[in-house]
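Presented below is the structure to which this report refers.
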Amino acid sequence: MFMKSYRKELWFNTKSRRELINITPAIEEAVEKSEIKEGMVLVNAMHITASVFINDDESGLHEDFEKWLEELAPEKPYDQYKHNTAEDNADAHLKRTVMGREVVVALTEGKLDFGPWEQIFYGEFDGKRSKRVLVKIIGE
Amino acid sequence: MFMKSYRKELWFNTKSRRELINITPAIEEAVEKSEIKEGMVLVNAMHITASVFINDDESGLHEDFEKWLEELAPEKPYDQYKHNTAEDNADAHLKRTVMGREVVVALTEGKLDFGPWEQIFYGEFDGKRSKRVLVKIIGE
Amino acid sequence: MFMKSYRKELWFNTKSRRELINITPAIEEAVEKSEIKEGMVLVNAMHITASVFINDDESGLHEDFEKWLEELAPEKPYDQYKHNTAEDNADAHLKRTVMGREVVVALTEGKLDFGPWEQIFYGEFDGKRSKRVLVKIIGE
């Protein structure tokens, strides 16, 4: 039983600036293609204004996240941030910091080793352009 | 030196809604049982209203965490959150987001590779019911 | 292709209480020395008042982080925190919680598998003394 590895990129181009997308089915598909049965799955945003996190697939909660992140790190006024000279996305860097860059999930008997409600989300905070998520699996 | 893996669940049923529990001894025991000497240890909450994080085992700091999380994401009034229709735990989803779902710890010469004050905690934010933490170790 | 592992410590002693240091070159050097081509790189603060995180190497954004973290978890007045009896660094424990303890980065074909702007930072929130970061690499 030697170590194996598998790599895949997922691409997103959201219609709105902020969006939460359930990517659990895409990660499950990558796990299946990897043929790895025991190990760890790393899923990370490859951009620094986006997030990968695990939480509930419940639309009310997603509205709560939007409101809460806007309170913690408001998008506007843009000039409240030093970063916003050529860009206007400082708030997205901060929002992604709260939500996290990556998750590491255990892989057991060929499946994501999840509790009852865990779902993996891509959190876009500065969208309307092509951005990527990396899936890297190592194990045996 | 082939890759090995080890899996264990820890169960909790806290008496109060919110509680911080030092789980370092339980993780050390899992590491020992795994007989893995070099690798990585993933410890994650299997529920989306709980957290696993590393910080100081100091009771004053734990009171500070409680007060701070209540400022950032207050439990009440319940109706401030869209998620709180059938449930009342939206704040627990947000608190867990701040504290984090998981930690990954290096395993070196059969021990958790820790700095001087690092301790692993289970952070419960919607307790009084049975919930789980997953320990997954891979290495050799 | 057996599993290999590599371990390295990075030491810091910052001149100011808070500082963000780009450690990407040091991590790249560790990756090269490890001779591991496919796997995962764990980089974590070994102290509980410091952080390792991935974001943009842009000075305006770093000023935004400083201001934002001071709003979320102000350093002063010290006596607002129960932790600050013998110490004065409760805010640093909270700031590190927001920024995160660790990052896990995929290693592909011998390189950090990064998006276009990803850079790894050491975030010091209670400096002016020697503190460490751990780099642990596993793979083949």
Inset, instruction - Please specify each residue of segment B:109-137 satisfying the condition of being farther than 14 Å from B:ASN13 by Cβ, touching a helix residue (DSSP H, G or I) at 6+ places or on another chain (Cβ under 9 Å) and in contact (Cβ under 8 Å) with a residue 40 or more places away in the chain. - result: B:GLY110, B:LYS111, B:LEU112, B:GLU118, B:GLN119, B:ILE120, B:PHE121, B:GLY123, B:PHE125, B:VAL135, B:ILE137
Legend entry - Every pair of residues 6+ apart whose Cβ atoms lie under 7 Å, when the first sits in segment C:85-108 and is within 21 Å of B:GLU70 (Cβ to Cβ) while the second is part of a helix (DSSP H, G or I) and aromatic (Phe, Trp, Tyr): C:LEU94/B:TRP68
Legend entry - Selection count, segment A:6-17, where residues are out of contact with any Gly (no Cβ under 7 Å at 6 or more places or on another chain) and buried (at least 18 other Cβ atoms within 10 Å of the Cβ): 3
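Which of the residues belonging to segment B:68-102 are surrounded by fewer than 17 Cβ atoms within 10 Å (Cβ to Cβ), within 7 Å of another protein chain (Cβ to nearest Cβ) and under 19 Å from C:ALA92 (Cα atoms)?
none
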Inset, instruction - Would you point out which residue out of C:LEU42, C:LEU61, C:LEU107 is within 29 Å of A:GLN80 (Cβ to Cβ) and of a type in the set (A, V, I, L, M)? - result: C:LEU61
Inset, instruction - Among the residues of segment A:121-140, write down those that are open to solvent by 20 Å² or more (accessible area, probe 1.4 Å) and within 11 Å of chain B (Cβ to nearest Cβ). - result: A:GLU140
Inset, instruction - Could you check A:GLU63 against (1) more than 27 Å from A:LEU107 (Cβ to Cβ); (2) surrounded by 22 or more Cβ atoms within 10 Å (Cβ to Cβ) and say which number it fails? - result: (2)
Inset, instruction - Could you tell me which residue of segment B:43-60 is nearest to B:LYS8 (Cα to Cα), considering only residues that are out of contact with any strand residue (DSSP E or B) (no Cβ under 7 Å at 6 or more places or on another chain) and open to solvent by less than 10 Å² (accessible area, probe 1.4 Å)? - result: B:THR49
Inset, instruction - Scan segment B:80-94 and give yes if some residue there is under 30 Å from C:ARG132 (Cα atoms) and basic (Lys, Arg), otherwise no. - result: no
Legend entry - Residue list for segment A:10-49, filter: within 12 Å of another protein chain (Cβ to nearest Cβ), more than 12 Å from the chain's Cα centre (by Cα) and of a type outside the set (Lys, Arg): A:ILE36, A:GLU38, A:GLY39, A:MET40, A:VAL41
Legend entry - Hits in segment C:78-134 (condition: touching a Phe, Trp or Tyr at 6+ places or on another chain (Cβ under 7 Å) and aromatic (Phe, Trp, Tyr)): C:PHE121, C:TYR122
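For C:SER59, indicate whether it is of a type in the set (Gly, Ala, Ser) and within 11 Å of the chain's Cα centre (by Cα). Even if it seems obvious, please write down each step before you answer.
On the way: of a type in the set (Gly, Ala, Ser): yes; within 11 Å of the chain's Cα centre (by Cα): no.
It is false that C:SER59 is of a type in the set (Gly, Ala, Ser) and within 11 Å of the chain's Cα centre (by Cα).
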Inset, instruction - Inspect segment C:103-120 for any residue being open to solvent by 20 Å² or more (accessible area, probe 1.4 Å), facing chain B (nearest Cβ under 9 Å) and in a strand (DSSP E or B) and give the result as yes or no. - result: no
Legend entry - Unmet requirement for A:MET1, which otherwise passes all of (1) touching a Gly at 6+ places or on another chain (Cβ under 8 Å); (2) at pLDDT below 95: (1)
Legend entry - Inter-residue pairs, beta-carbon under 6 Å, first of a type in the set (Val, Ile, Thr) and in segment C:53-74, second surrounded by 15 or more Cβ atoms within 10 Å (Cβ to Cβ), 6+ apart: C:ILE54/A:ARG101; C:ILE54/C:VAL103; C:ILE54/C:GLU118; C:ILE54/C:ILE120
Legend entry - Residue in segment B:125-140 that is nearest to B:LYS76 (Cα to Cα), counting only those that are among the charged types (D, E, K, R) and at pLDDT 95 or above: B:ASP126
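The values are calculated or read from the model by the stated rules, or taken from the named source; none is laboratory data. Computed from a predicted structure; not experimentally measured. Note that each Cβ is placed from the backbone with ideal geometry, even for glycine, and that neighbours are counted across all protein chains shown. For accessibility, only protein heavy atoms count, side chains too; no ligands or nucleic acids. Shrake-Rupley method; radii C 1.70, N 1.55, O 1.52, S 1.80 Å.
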